[in-house]
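K.L.:
Below is a structure I'd like to ask you about.
The values are calculated or read from the model by the stated rules, or taken from the named source; none is laboratory data. For clarity, every value in this text was computed on a predicted model and none was experimentally measured. Neighbour counts are summed over all protein chains in view; Cβ atoms, including those assigned to glycine, are modelled from backbone coordinates with ideal geometry. These accessible areas exclude ligands, DNA and RNA; they are computed on the full protein's heavy atoms, side chains included. Shrake-Rupley method; radii C 1.70, N 1.55, O 1.52, S 1.80 Å.
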Amino acid sequence: MVAQWLAQQKGCCFVSQLGQLAFLCGVCMFFLCFCGFSLDAPVSPYNPKMPGLVSCLGNLIVTGFIILFCELVTSEIWTNEVSDVQFGGLGSRVTLTCGGSHTGSPVEWRFNGSSVPPWQTHEGLLTLLNTTHSMEGNYSCHDEQGTLLQSIKLRLGHPPHFVSVSCRVPNHMKISCSWEQTKRTNLPTSYRASYSQKGQGRKQIPSEPCEQKDTGVNECTITDPPFWSSSKILVNITEINPLGSNSTIIQIDLRELLKPDPPEDVQVSQVEGEPTQLLVQWNCPPSWLVGMSAFSLTYLLRYRPIGSNYWSKVDIESDTESTSLIITDALIGHLHQIQIRAQDALINHSQWSEWSHMVEAKPWTEPPKEPTEEPDYILQSYPVRTTDKSTDSSSNHNGNVGLLVLLGLFAAIMVAVLLTIITLLWVRQRKQDNVKKQELTSMLKMKSIPI
């Protein structure tokens, strides 16, 4: 409060002078202490100097705190000299007014300590055209003597825009809505959320607030919505900043958006003595209204052996208190993947929940039997006969010999065939040679006969 009052009274110089005065007082106190005087000790020739010196040290400490306080106040006023904040739109025209100036008196404007061209000012007003982010900062106006009249911090941004709204209905008694900015405004922004039932014709139905637990989180919750009286409601999210406000209204159908959370704590166990069965157990989603028979859930279970691309599915109509199923056609000895999801049993056009987390399990398999030792008398009563082995070996030997004989005969036949072919070719060549010789001989004889 003191700092604000000093700033309003143009008291920066006053505080500085106060600091200087405190400094002088401190010097005087030190001098008095050095000479042995004390402010709280009685003036008496019998008064010793030591108590006065000790008391003087306390006075010096108090004086030091006064000087430090004055300096802190001075620095606080100097760093926080911006007393007003003005907002403007990017790309628009912004006018700053010097509130401490008199009508008609000349005013000097400064931007972050530097003088502003005079053509931008007129009768104490500073006009900024086609504003950009580079124009954001601290503006101050001064009189002819350079005294600070007013300081303004300018922040530029965009007016509110539409937001992207999405709502989720996890049960019959709760609606959760969230939203995101579609355009960043760069200005402090708040939101107001409400909802109302969709009226028929021109009938106006008053809106009710959508509860926001934390103003810094863009979420709100509607409890006990009119689920059965009117399945369609209007959700209104209004974005507000210093440049105005803008509302985004969406219509949602509660029954179509009804989507339970996935079942939890899915467990799969083996069934003793059943190699094709698996026992699947799960819990109803905590967000669902457990214990109310009017709001039961139906489940869809799917499973497949690992490596298969096809799922087997089973529909389960059950209340929320009994949640188990036995798979009877599991593949023997194979690891299976199991998932389950839920849907409202009364509203069949509502949405299925997401699939639960994947669980893997293998059906029961018969443990391998341990080998048992046979009694000695059994081993002695059935000796191994060597004659049987010799018979088998002789038969195998005869079979090998027969195979070799067949291979030899086949080789001999092939050799004979090749020799026959070669002989025939040789004989044919000899005949051709003889014919050629006879023809040459006859031609020579004809040439030797005189004409």
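K.L.:
Just the residues that are modelled with pLDDT of 90 or more and not in a strand (DSSP E or B), please, taken from the range 213-234.
P.N.:
Asn218, the sole residue that qualifies.
Conditions (1) modelled with pLDDT of 90 or more; (2) open to solvent by 100 Å² or more (accessible area, probe 1.4 Å); (3) in contact with a strand residue (DSSP E or B) (Cβ under 7 Å, 6 or more places away or on another chain), marked per residue:
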residue: Ala342; (1), (2), (3): yes, no, yes
residue: Val359; (1), (2), (3): yes, no, yes
residue: Thr365; (1), (2), (3): yes, no, no
residue: Ser381; (1), (2), (3): no, no, no
residue: Arg385; (1), (2), (3): no, yes, no
residue: Ser390; (1), (2), (3): no, no, no
residue: Asn400; (1), (2), (3): no, no, no
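K.L.:
How many residues does the range 161-186 hold that are open to solvent by less than 20 Å² (accessible area, probe 1.4 Å), touching a strand residue (DSSP E or B) at 6+ places or on another chain (Cβ under 6 Å) and either in a loop (DSSP other than H, G, I, E, B) or farther than 24 Å from Glu219 by Cα (or both)?
P.N.:
Matching residues across the range 161-186 total 1.
K.L.:
Please state which of the following conditions Glu256 fails to meet, knowing it meets all the rest: (1) open to solvent by 70 Å² or more (accessible area, probe 1.4 Å); (2) more than 30 Å from Gly89 (Cβ to Cβ); (3) assigned to a strand (DSSP E or B).
P.N.:
Evaluating Glu256 over (1) open to solvent by 70 Å² or more (accessible area, probe 1.4 Å); (2) more than 30 Å from Gly89 (Cβ to Cβ); (3) assigned to a strand (DSSP E or B) leaves (3) as the failure.
K.L.:
I'd like the full set of residues that are assigned to a strand (DSSP E or B) and either in contact with an Asp or Glu (Cβ under 9 Å, 6 or more places away or on another chain) or on the phi < 0 side of the Ramachandran plot (or both), limited to the range 239-253.
P.N.:
Glu239, Ile240, Asn241, Ser245, Asn246, Ser247, Thr248, Ile249, Ile250, Gln251, Ile252, Asp253
K.L.:
Within the range 105-117, does at least one residue satisfy the condition of being assigned to a strand (DSSP E or B), modelled with pLDDT of 80 or more and among the aliphatic types (A, V, I, L, M)?
P.N.:
Of all residues in the range 105-117, those assigned to a strand (DSSP E or B) come to 108-111, 114-115.
From what is left, the residues that are modelled with pLDDT of 80 or more are 108-111, 114-115.
Checking the rest, the ones that are also among the aliphatic types (A, V, I, L, M) come to none.
So far as the range 105-117 goes, no, none of its residues is assigned to a strand (DSSP E or B), modelled with pLDDT of 80 or more and among the aliphatic types (A, V, I, L, M).
K.L.:
With the structure loaded, tell me whether Val107 is over 49 Å from the mean Cα position of the chain (by Cα) and among the β-branched types (Val, Ile, Thr) or whether it fails that test.
P.N.:
Values: over 49 Å from the mean Cα position of the chain (by Cα): yes; among the β-branched types (Val, Ile, Thr): yes.
Yes; evaluated as a whole, the condition is true for this residue.
K.L.:
Next question. Any idea which of Arg192, Arg155 is open to solvent by less than 90 Å² (accessible area, probe 1.4 Å), outside any helix (DSSP H, G or I) and in contact with a Pro (Cβ under 9 Å, 6 or more places away or on another chain)?
P.N.:
Arg155
K.L.:
In the range 105-142, which residues are touching a residue at least 24 places away in the same chain (Cβ under 8 Å) and charged (D, E, K, R)?
P.N.:
Glu108, Arg110
K.L.:
Among the residues of the range 261-287, write down those that are in a loop (DSSP other than H, G, I, E, B), open to solvent by less than 40 Å² (accessible area, probe 1.4 Å) and within 15 Å of Trp355 (Cα to Cα).
P.N.:
Selection gives Pro263, Cys284, Pro285.
K.L.:
Taking the criterion of being over 21 Å from Glu211 (Cα atoms), in contact with a Pro (Cβ under 7 Å, 6 or more places away or on another chain) and of a type in the set (A, V, I, L, M), would at least one residue in the range 240-257 satisfy it?
P.N.:
Looking for residues that are over 21 Å from Glu211 (Cα atoms), in contact with a Pro (Cβ under 7 Å, 6 or more places away or on another chain) and of a type in the set (A, V, I, L, M), one finds at least one in the range 240-257, hence yes.
K.L.:
Restricting attention to the range 327-340, report how many residues are farther than 17 Å from Asn283 by Cβ and either open to solvent by less than 20 Å² (accessible area, probe 1.4 Å) or in contact with a helix residue (DSSP H, G or I) (Cβ under 8 Å, 6 or more places away or on another chain) (or both). Walk me through it before giving the result.
P.N.:
So the first thing to find is which residues in the range 327-340 are farther than 17 Å from Asn283 by Cβ, and the list is 327-337.
With the extra rule that they be either open to solvent by less than 20 Å² (accessible area, probe 1.4 Å) or in contact with a helix residue (DSSP H, G or I) (Cβ under 8 Å, 6 or more places away or on another chain) (or both), the set shrinks to 327, 330, 336.
Total satisfying the criteria: 3.
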